Amino acid sequence: MFLTSEEAFEDYSCPSASVSPQMQTYIDMAKPMQMMVTNMNKGEPMPALDAALEFAMSMGKVMGVFSEEYDGGEFCKGLLFSKEASKVVFKIGGMIMGSGKKKDAIVNDKKMALEDKLRHH
């Protein structure tokens, strides 16, 4: 089963997963670091760092689902696990696929600059 939206997930009436307290502690410690790194990077976003924090949130939810406190049953545990895992996989896949586009753009820019230099000499 593959859920493509929050609405599709809500149809199953599973209790939502909360981030485990242990993981929340680490996430809370990482947020000031994220702000500091962003400031050091002149306000430019850092997709890898953002993805790492998103991954930590998803892992925290998975840890919360498999804790003794979660009472949604095995079906909901599996559903929530697959939902959070797919978020991570799609995020990483998007980054991998997107990095090729950025690389192609750089190569194209360098090619254009070289062709321009050759035309003027």
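The values are calculated or read from the model by the stated rules, or taken from the named source; none is laboratory data. Note that this is a predicted model, so its numbers are computed, not measured. Cβ coordinates were reconstructed from backbone atoms using ideal geometry, including for glycine residues, and neighbour counts include every protein chain displayed. The area values use the complete protein model at the heavy-atom level, side chains included, leaving out ligands, DNA and RNA. Shrake-Rupley method; radii C 1.70, N 1.55, O 1.52, S 1.80 Å.
Things worth noting here:
- The set of residues in region 54-71 that are open to solvent by 20 Å² or more (accessible area, probe 1.4 Å) and of a type outside the set (A, V, I, L, M) comprises GLU54, PHE55, LYS61, PHE66, SER67, GLU68, GLU69, TYR70, ASP71.
- If you check GLY94, GLY78, GLY100 for being open to solvent by less than 50 Å² (accessible area, probe 1.4 Å) and either at pLDDT below 70 or in contact with a strand residue (DSSP E or B) (Cβ under 7 Å, 6 or more places away or on another chain) (or both), only one passes: GLY100.
- Residue within region 20-34 that is modelled with pLDDT of 85 or more and of a type in the set (Val, Ile, Thr) present: yes
- Residue tally, condition in a helix (DSSP H, G or I), without any contact (Cβ under 8 Å) to a residue 40 or more places away in the chain, under 21 Å from LYS77 (Cβ atoms) and open to solvent by 50 Å² or more (accessible area, probe 1.4 Å), over region 1-53: 5
- Qualifying positions in region 79-94 - free of Cβ contacts under 8 Å to residues at least 60 places away in the same chain and farther than 16 Å from VAL19 by Cα: VAL89, PHE90, LYS91, ILE92, GLY93, GLY94
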